[in-house]
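Asks: Could you have a look at this structure, given as structure tokens, before my questions?
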Amino acid sequence: MKTNDQDKELSRREFIQQTAAIGAGIMFASSSDLFAETKQGRATNMNIKSKGYAARDTSGTLTPWEFERRPVGDNDILIDVKYASICHSDIHQMKGHWGPQQYPQVPGHEMVGVVAAIGKKVTKFKVGDRAGVGCMVDSCLGCESCKDEEEQYCPKTVFTYGYPEKSSPTGISQGGYSTNIVVRDHFAVHIPDKISFPEAAPLLCAGITTYSPLMKADLKKGIKVGVAGIGGLGHMALKLAVSKGAEVYAFTTSPGKVKDILAFGAKEAIVVDNISKLAPYKGKLDYMICTIPYQYDVAVYTSVVKHYGTYTQVGMPEKFELTLNNLGLSISRVNFNASLIGGMKETQDVVNYCADHNVHPQIQIIKAEQVNEAWENVVNKKARYRYVIDAATF
Ligand SMILES: [Zn+2]
Ligand SMILES: [Zn+2]
């Protein structure tokens with residue numbers, strides 16, 4: 001006859017057996033989870049919580065915002081952002097200079113960090129890799145532009161913030177002034193160990209935007225290259241051209257930048273406090289890149305390039321408008337063109353090139369709470385030369 005104690009013992013054993021079985025299940029589940037943790041990181045089908053600074057209207061003032069990003073899809077990676085830098089374009093777009101915007105909107109298209117999760121089909125990255133994202137987060141990957149590795153010219157390119165994005169819980173892409181980003185793996189680049197995170201961030205827009213046209217200019221030792229506008233983009237153009245052996249003429253409206261410009265390796269720093277300062281350089285340069293992001297006298301600037309030389313505009317003015325004086329341009333007979341960032345392969349190239357050749361942007365690291373002040377400084381030409389936000393402060 002079973003005693004109460006025996007009953008209790010039986011139930012205790014059953015309980016242990018059942019628990020062990022469940023436990024084994026849990027163990028199994030945990031080890032596969034653990035596997036997922038090491039191989040795929042925090043991959044989950046849930047939206048990813050993110051925290052950043054967003055514009056709420058055209059005032060140009062950013063405030064903290066908590067929002068969600070899409071889950072990590074099969075071809076996506078999740079990057080924990082470490083640093084995000086400030087581009088003048090962020091300010092133009094948030095203030096509505098390029099057309100009406102949806103708010104809240106998180107700006108930022110220069111960000112670097114560590115891969116925290118990868119989708120099932122991702123082979124380009126593994127968890128723990130250093131990665132960066134620039135101005136694009138998606139494209140069709142099938143059209144001629146995409147096949148030519150010029151994804152920025154794909155009709156379906158999704159730019160990093162403010163673009164309609166079906167998979168985004170907010171309906172638009174949200175940028176890098178935030179703690180993380182979910183991005184299709186193709187649109188992230190590897191950040192080599194030999195360049196620091198804060199110095200790598202500005203390469204994702206300022207670096208590629210100037211590197212791409214400079215590479216097409218076939219820089220050779222001794223070629224005379226002009227750089228107009230020495231801000232975030234201009235100082236990178238200057239350093240890149242110098243590193244390729246070019247003789248660089250830097251045109252600035254800020255006398256306070258002359259010392260830096262010469263330290264960056266320019267042959268001459270020309271302070272254009274009056275447009276007549278360009279006259280002595282008429283027809284002297286082989287190539288010129290212009291980063292000025294507002295209306296200026298294009299004909300006079302292009303006249304410093306020799307006949308049939310090339311002049312590339314990369315600065316993006318308000319309303320995208322630049323007025324060209326046809327007579328001025330025809331007299332110089334300069335090949336005027338404009339260029340938009342660069343493709344993903346070239347973006348990886350510029351990051352590798354800068355890491356290998358010690359071409360580093362000059363940066364100032366700031367906390368998130370200083371971002372509004374930093375934006376004012378960018379507009380007032382006081383930035384020296386790229387503000388980089390420490391993402392730990394978002
Ligand atoms: Zn930019
Ligand atoms: Zn395409």
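Here's the yes/no breakdown for (1) over 27 Å from P104 (Cβ atoms); (2) open to solvent by 20 Å² or more (accessible area, probe 1.4 Å); (3) modelled with pLDDT of 95 or more; (4) not in a helix (DSSP H, G or I):
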| residue | (1), (2), (3), (4) |
| --- | --- |
| G128 | yes, yes, yes, yes |
| L141 | yes, yes, yes, yes |
| Y161 | no, no, yes, yes |
| P169 | no, yes, yes, yes |
| G176 | no, no, yes, yes |
| V182 | no, no, yes, yes |
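Asks: Tell me, please, whether a residue that is surrounded by fewer than 22 Cβ atoms within 10 Å (Cβ to Cβ) and either closer than 27 Å to R42 by Cβ or away from ligand 2 (no atom under 15 Å from the Cβ) (or both) can be found in segment 197-207.
Replies: Within segment 197-207, one or more residues are surrounded by fewer than 22 Cβ atoms within 10 Å (Cβ to Cβ) and either closer than 27 Å to R42 by Cβ or away from ligand 2 (no atom under 15 Å from the Cβ) (or both).
Asks: Among the listed residues G96, G132, identify the single one that is within 25 Å of C354 (Cβ to Cβ) and of a type outside the set (D, E). Show your work before the answer.
Replies: Working: G96 fails: within 25 Å of C354 (Cβ to Cβ).
Exactly one residue qualifies, and that residue is G132.
Asks: Under the condition of being free of Cβ contacts under 8 Å to residues at least 40 places away in the same chain and small (G, A, S), which residue from segment 294-339 is nearest to Y153 (Cα to Cα)?
Replies: A338
Asks: Sticking with this structure for a sec: Only residues in segment 135-150 that are within 15 Å of Q348 (Cβ to Cβ) and more than 16 Å from ligand 1 (Cβ to nearest atom) count as the first member; pair them with residues that are open to solvent by less than 20 Å² (accessible area, probe 1.4 Å) and not acidic (D, E), Cβ under 6 angstrom, at least 6 apart or cross-chain, and list the lot.
Replies: Hits for this filter: E149/G343; E150/G343.
Asks: May I pose another question? Tally up the residues in segment 122-165 that are out of contact with any strand residue (DSSP E or B) (no Cβ under 8 Å at 6 or more places or on another chain) and away from ligand 2 (no atom under 16 Å from the Cβ), please.
Replies: Qualifying residue count, segment 122-165: 1.
Asks: What about C146, is it outside any loop (DSSP other than H, G, I, E, B) and surrounded by fewer than 24 Cβ atoms within 10 Å (Cβ to Cβ)?
Replies: Details: outside any loop (DSSP other than H, G, I, E, B): yes; surrounded by fewer than 24 Cβ atoms within 10 Å (Cβ to Cβ): yes.
Against the criterion (outside any loop (DSSP other than H, G, I, E, B) and surrounded by fewer than 24 Cβ atoms within 10 Å (Cβ to Cβ)), C146 qualifies.
Asks: Separate question: For E144, are the conditions met, namely being more than 22 Å from I118 (Cβ to Cβ) and touching a helix residue (DSSP H, G or I) at 6+ places or on another chain (Cβ under 7 Å)?
Replies: So E144 does not fit the description; no.
Asks: Follow-up question, since we're still on this one. Looking at segment 37-101, what strands (runs of 3 or more DSSP E) fall wholly within it and have at least 3 residues that are in contact with a Gly (Cβ under 8 Å, 6 or more places away or on another chain) and either modelled with pLDDT of 95 or more or surrounded by fewer than 19 Cβ atoms within 10 Å (Cβ to Cβ) (or both)? Reasoning before the result, please.
Replies: Numbers: elements: 48-55, 62-69, 76-85.
Qualifying strands (runs of 3 or more DSSP E): 62-69, 76-85.
Asks: Condition test on S178, is it of a type in the set (S, T, N, Q) and within 16 Å of ligand 2 (Cβ to nearest atom)?
Replies: no
Here's the yes/no breakdown for (1) within 16 Å of ligand 1 (Cβ to nearest atom); (2) closer than 26 Å to G231 by Cβ; (3) outside the structural domain of L233 (by TED's automatic domain parsing):
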position: I91; (1), (2), (3): yes, yes, yes
position: G99; (1), (2), (3): no, yes, yes
position: V127; (1), (2), (3): no, no, yes
position: K166; (1), (2), (3): no, no, yes
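Asks: Considering segment 370-394 alone, what residues qualify as being in a helix (DSSP H, G or I), open to solvent by 30 Å² or more (accessible area, probe 1.4 Å) and of a type outside the set (S, T, Y)?
Replies: Start the filter on segment 370-394 by keeping residues that are in a helix (DSSP H, G or I), which leaves 370-379, 391-393.
This time we only want the ones that are open to solvent by 30 Å² or more (accessible area, probe 1.4 Å), so: 370, 372-373, 376-377, 379, 392-393.
Within segment 370-394, Q370, N372, E373, E376, N377, V379, A392 meet the criteria.
Asks: Could you tell me whether any residue of segment 218-225 is crowded, with 22+ Cβ neighbours inside 10 Å and either over 30 Å from I118 (Cβ atoms) or acidic (D, E) (or both)?
Replies: Yes, segment 218-225 has at least one match.
The values are calculated or read from the model by the stated rules, or taken from the named source; none is laboratory data. Source: prediction; values computed, not measured. Reconstructed Cβ throughout: ideal geometry from the backbone, glycine too, with neighbour counts over all protein chains shown. Quick note on the areas: whole protein, heavy atoms, side chains included, nothing else; ligands and nucleic acids left out. Shrake-Rupley method; radii C 1.70, N 1.55, O 1.52, S 1.80 Å.
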